[in-house]
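A quick write-up on the structure given underneath.
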């Protein structure tokens, strides 16, 4: 019997990765993003908190909402809440540090001629995009991974 071709393997992976769970995650993410982004830009532009305080606030407040929506709606996880909450906090922390830690120097380099405020706002937007991709992978395959997956 022939083993599946690379194309067939990629097709199977894409079908599994972009299933209904992915679309539920996106739906929860849209709601969570509107909530968290509002907080982040409000804190930065109105209250003049720093880049790090503003972007971290997005994920502190947004993560509380995200945890419960993703646990019960997206992934329908039956795993112990304490166990998943610990993994969730670890995942969010790593994703945040990688996404925003990478976005800031990248935005400063690409937009070196712009003001610091413009650079920071663009870095926060880029950090959000990086974060979403990393967070989905982490939640799906680490935080809410069921034993039989």
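Within the range 68-85, the set of residues being in contact with a helix residue (DSSP H, G or I) (Cβ under 9 Å, 6 or more places away or on another chain), over 20 Å from residue 19 (Cα atoms) and in a helix (DSSP H, G or I) comprises 81, 84, 85.
Kindly provide the set of residues from the range 47-57 that are assigned to a loop (DSSP other than H, G, I, E, B) and buried (at least 16 other Cβ atoms within 10 Å of the Cβ), ordered by number.
Of everything in the range 47-57, just one residue is assigned to a loop (DSSP other than H, G, I, E, B) and buried (at least 16 other Cβ atoms within 10 Å of the Cβ), namely 49.
Residues in the range 8-35 that are under 25 Å from residue 54 (Cβ atoms) and either modelled with pLDDT under 85 or outside any helix (DSSP H, G or I) (or both): 33 only. Residues considered: 44, 136, 59. Of these, the only one that is under 25 Å from residue 20 (Cβ atoms) and in contact with a helix residue (DSSP H, G or I) (Cβ under 6 Å, 6 or more places away or on another chain) is 136. Taken together, the residues in the range 5-41 that are farther than 23 Å from residue 77 by Cα and touching a helix residue (DSSP H, G or I) at 6+ places or on another chain (Cβ under 7 Å) amount to 5. Under 6 Å between Cβ atoms, which residue pairs at least 6 apart in sequence (or on different chains) link something in the range 2-24 that is under 17 Å from residue 145 (Cβ atoms) with a partner that is modelled with pLDDT of 80 or more and surrounded by 11 or more Cβ atoms within 10 Å (Cβ to Cβ)? If the second residue must be modelled with pLDDT of 80 or more and surrounded by 11 or more Cβ atoms within 10 Å (Cβ to Cβ), the pairs left are 24/74. Spot the failing condition for residue 126; the list is (1) touching a helix residue (DSSP H, G or I) at 6+ places or on another chain (Cβ under 9 Å); (2) under 18 Å from residue 25 (Cβ atoms); (3) assigned to a helix (DSSP H, G or I), and only one is missed. Failed condition: (2).
In a residue-by-residue description of the range 26-46, the property of being closer than 14 Å to residue 140 by Cα, touching a residue at least 24 places away in the same chain (Cβ under 8 Å) and surrounded by 14 or more Cβ atoms within 10 Å (Cβ to Cβ) applies to at least one position. Looking across the range 130-149, just one residue is exposed (fewer than 14 other Cβ atoms within 10 Å of the Cβ) and in contact (Cβ under 8 Å) with a residue 24 or more places away in the chain, and that is 146.
The values are calculated or read from the model by the stated rules, or taken from the named source; none is laboratory data. All figures in this text were calculated on a predicted structure; none of them were measured in a lab. So basically every Cβ, Gly included, is an ideal-geometry build from the backbone, and we count neighbours across all protein chains shown.
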